[in-house]
Structures are given as structure tokens and as C-alpha cells.
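For reference, the structure discussed in these notes is given below.
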Amino acid sequence: MLDYLFIGAHPDDESSVVGMMLKAKNEGKKTGVVILTKGEAGGFATKNTRVEELKKAAEMMDLDVCINLDFPDAGVEFNMTTVDAIIKVLVEHKPKVVLTLHSEDYHPDHRAVSQSVDRAVFVAGLKKHMGNETWHPQQVLYVSLDQRTNPHRPDLIIDITEVYSLKEKVVSSYESQGILPFVEKHASYYGGLGGFKYGEGLYIKQPLRISTVSSLLNKSKIGR
Ligand SMILES: [Zn+2]
């Protein structure tokens, strides 16, 4: 059983939640990443290179689960084949919190993954469809990797300042993609929104559900 599972389209999409995943591990939680494609359509890197980069990053993040589903890059579709593959992962690994891509991201694969995860989360909880093997995560949260098409501000900012230098090292694993400057820009932007040096931003569709009022107490110091 996983506490946090990120479901993305391409190896390096999980860069958006590396800080959160590192913090979760520090708190003794179980984390996982599922990537639908091997990223062969982007840049000049081969499938093998991108898979190796993902593997390296996964080791540095100490992930409990890292799965690649090998769907075609730039060809992920919102259909029942994609949905069923995600349902299988949900039922097997039973994540309490699912993190995935924002439905208004620029890349069509991101949008297809977002829609497929929403559908999979819904169907995986249906007894009539699933029999005894249902699973319904407590929460689904979204990340935006591209602000070009998503004008919304995040609903939640996580302070990742304490793990940011390690996040930089993890992100450096994706050597073929050269995303470090982009990641730093995002971390500063989201951090700034929350009053932290570095942050990660999350979006919600359903109301956040908490069982203890103390969950609202922010232990981070706000203000620069
Ligand atoms: Zn991507």
C-alpha cells in the first residue's frame, strides 16, 4: 500500500513533485511513480536513455514503486485501454493520495493522462465493475507543468526549501532534457506564492478532506 502515487505521462514529469516525495519519505511514508510513456518523442534522447534517467531519479528519491507502462509518447489517449492500465496500478498499489497532471496542461499527453486518472479513480471504486477489488484514494491532487494553457493559481503550496538541494540533484538525473532552469523557476514561483523560498504547487478539484483540525496548522515559518 502506497501513501503517495504520482501518475505522469513522461519520464521527468515527476520533477513537479520530487520535493513532496522527498519530504514524504523523510516522514516515513511510502511513495511511488507511474509513468505512461518512455518519452521517446521529446528531444534527441532514446527510450533507453530516458528510462535510465528515470531509474536513477527513482533511486535518489528512494521510491517504493516505479513503473513504466510503455504507451507511445505523443500518442497517449483518453480511452479505456489507458484507463484500465491505470486501474490495475491503483488496485495493486492502493495509494491513499494520487497525484497527477493538470487537465489544462499544454501537452496533449498530459491532458489525456489527467482525464484517464480521473476516470480510473472513479471506476476503480465501483463494486459492480470491480467486484471485491475496489480501491478509492482519499484524495486526488494535480500538478501543472506548463503555465501556458493553465491560468489558474495552485490551491496548495508545499514548502520544499529544506529538500530543495536534493531535488536539484534528482532533477539533474534527467540530463537529456536539461530541465533544471525550468524546475528552479517553478520552485521559486510556487515558493513565492506561499511565502517560502522554494515550493511546489498543487491543484484540487474536490474539497480537501481532513480528519484532524491540526492538519490546518502550518508548522512552516511564513515570510521571507
Ligand atoms: Zn510531460
Leu166 vs (1) modelled with pLDDT of 95 or more; (2) crowded, with 20+ Cβ neighbours inside 10 Å: all pass except (2)
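Of all residues in the range 66-83 being polar (S, T, N, Q) and either in contact (Cβ under 8 Å) with a residue 60 or more places away in the chain or surrounded by 15 or more Cβ atoms within 10 Å (Cβ to Cβ) (or both), which is nearest to the ligand (Cβ to nearest atom)? Working first, answer last.
So the first thing to find is which residues in the range 66-83 are polar (S, T, N, Q), and the list is 68, 79, 81-82.
Pick out the ones that are also either in contact (Cβ under 8 Å) with a residue 60 or more places away in the chain or surrounded by 15 or more Cβ atoms within 10 Å (Cβ to Cβ) (or both) and you get 68, 82.
Details: Asn68: 13, Thr82: 15 Å.
Checking each candidate, the answer is Asn68.
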Filter result for Ala57 (closer than 24 Å to Leu202 by Cα, without any contact (Cβ under 8 Å) to a residue 24 or more places away in the chain, touching a Phe, Trp or Tyr at 6+ places or on another chain (Cβ under 9 Å) and in a helix (DSSP H, G or I)): no
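Does any residue of the range 136-145 turn out to be free of Cβ contacts under 8 Å to residues at least 40 places away in the same chain and either in contact with a Phe, Trp or Tyr (Cβ under 7 Å, 6 or more places away or on another chain) or farther than 30 Å from Lys88 by Cα (or both)?
Narrowing the range 136-145 to residues free of Cβ contacts under 8 Å to residues at least 40 places away in the same chain: 136.
Narrowing further to those that are either in contact with a Phe, Trp or Tyr (Cβ under 7 Å, 6 or more places away or on another chain) or farther than 30 Å from Lys88 by Cα (or both): none.
No, every residue in the range 136-145 fails to be free of Cβ contacts under 8 Å to residues at least 40 places away in the same chain and either in contact with a Phe, Trp or Tyr (Cβ under 7 Å, 6 or more places away or on another chain) or farther than 30 Å from Lys88 by Cα (or both).
Only strands (runs of 3 or more DSSP E) wholly contained in the range 84-168 count here; list those with 3 or more residues that are within 16 Å of the ligand (Cβ to nearest atom).
Numbers: elements: 97-101, 139-143, 156-159.
In the range 84-168, the matching strands (runs of 3 or more DSSP E) lie at 97-101.
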Could you list, in sequence order, all residues of the range 156-178 that are among the β-branched types (Val, Ile, Thr) and touching an Asp or Glu at 6+ places or on another chain (Cβ under 6 Å)? Ile158, Ile160
Residue count for the range 36-73, restricted to those that are under 18 Å from Lys167 (Cβ atoms) and not small (Gly, Ala, Ser): 10
Testing Arg209 on (1) crowded, with 17+ Cβ neighbours inside 10 Å; (2) of a type outside the set (Asp, Glu); (3) modelled with pLDDT under 90, one condition comes back false. Which one is that? (1)
Pair list, Cβ under 8 Å, 6 or more apart: the range 31-52 residue more than 16 Å from the ligand (Cβ to nearest atom), other residue part of a helix (DSSP H, G or I): Thr31/Met21; Thr31/Ala24; Thr31/Lys25; Thr31/Met61; Gly32/His93
Could we say that Thr134 is crowded, with 24+ Cβ neighbours inside 10 Å, among the hydroxyl-bearing types (Ser, Thr, Tyr) and within 23 Å of Lys30 (Cβ to Cβ) here? no
Those residues of the range 8-22 that are within 12 Å of the ligand (Cβ to nearest atom) and outside any loop (DSSP other than H, G, I, E, B) come to a total of 5
So Gly28 passes all but one of these: (1) small (Gly, Ala, Ser); (2) modelled with pLDDT under 95; (3) on the phi > 0 side of the Ramachandran plot. Which condition number does it fail? (2)
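The values are calculated or read from the model by the stated rules, or taken from the named source; none is laboratory data. All of these numbers come straight from a predicted model, not from anything done at the bench. Backbone-built Cβ (ideal geometry, glycine too); neighbour counts: all protein chains shown.
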